[in-house]
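Notes to accompany the following structure.
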Amino acid sequence: MIIPKKSQDEGFGGRAVYRAVQTSRLYEQIVQQIEESIAKGALKEGDQLPAERDLAQQFGVSRTAVREAIKALREKGLVEAYSGRGTFITSATPRSIRQSLDRMMRGGGDAQGGTIQLVEVREILEPEIAALAAARADEGALKTMRDALAVMDQAKSNPDAFIEADLDFHLALAEAADNPLILSLIDSIVGVLREQRISIFMVEGGAERGQYHHKKILEAIEHRDAQGARAAMREHLRQVRDDSRGGSNQEVSDTPKQPA
Ligand SMILES: [Zn+2]
């Protein structure tokens, strides 16, 4: 970032510009490799990066280049450095997408429109996620889904517990799809989803209707029935679309409070 600016200041001399770009590439290549490892899931949230000296050795570069790369990764919010403990991978990618989505949802001033747009995004993503989950879910993922359903059964009169378990269920499907990019996308809209689900929960019978569909989705996944899972998720989202229409109206008319 600093270097291209410097190159500009130096004018259009080809040699100087070329050398500057090469210098900047060194640490950018390290940044890029670490970003790729995060995207592929080889580095996960909470993983510790090796010490500066070891990284320099692995990448075959100076410690200065490593330090510069770490600084860039910190600025991007991908790592967090704790003095005395080391440098750790954060989950900043979903967080920054979530913040942009939150801003878009709130900034529009059109709650109804935003809600429908969110359902549209879910209709594009989640039926295919359910189909992938049917093909790829392992025992651990199935157990997470069953547990989430059991919590929702117990929590019909406890909105917070119900909504958290609902989110867990949908996240478990995204996790079962076994694609870290899909998981990041879903993880990033979870905060927005939470608000939408609060309005659905307020609709009479919304929770029961949701559970009916959750059970059909899980059943299809347990039978490794990708088509059935896709269809069941579509129906669930149609119900979400209908119930959030009712929920938004209700919120506008008699529940002015904005959930945190
Ligand atoms: Zn649901």
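Quick rundown of the values:
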quantity	calculated
Spherically averaged projected area in nm², based on the convex hull that wraps the Cα atoms of the range 136-235	5.9 nm²
Neighbour-count order for H213, H170, H223, fewest beta carbons within 10 angstrom listed first	H223, H213, H170
Per-residue ³J(HN,Hα) for the range 226-238, Karplus 6.51 cos²θ - 1.76 cosθ + 1.60, θ = phi - 60°, Hz, x for Gly and Pro	5, 5, x, 5, 4, 5, 5, 5, 4, 5, 4, 6, 5
Within the range 179-244: Cβ-based charge dipole about Cα centre, in debye rounded to nearest 20 (Lys, Arg +1; Asp, Glu -1)	160 debye
Paramagnetic label zone (point 7 Å from Cα along Cα-to-C-beta, R136; backbone N under 17 Å) in the range 196-235	221-222, 224-227, 229-230
Of K44/K156; K44/K216; K40/K76; K143/K215, those spanning more than 23 Å from alpha-carbon to alpha-carbon	K44/K156; K44/K216
Förster radius 51 Å - calculated FRET efficiency between R146 and T64 (Cβ-Cβ, nearest 0.05)	0.50
Added length on full extension, which subtracts the Cα-Cα distance from 0.36 nm per residue, S37 to I116	25.0 nm
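Since every read-out is calculated from the coordinates, none of them should be taken as a lab result. None of these values were measured; they are calculated from a predicted model. Cβ atoms come from the backbone with ideal geometry, glycine included; neighbour counts cover every protein chain shown.
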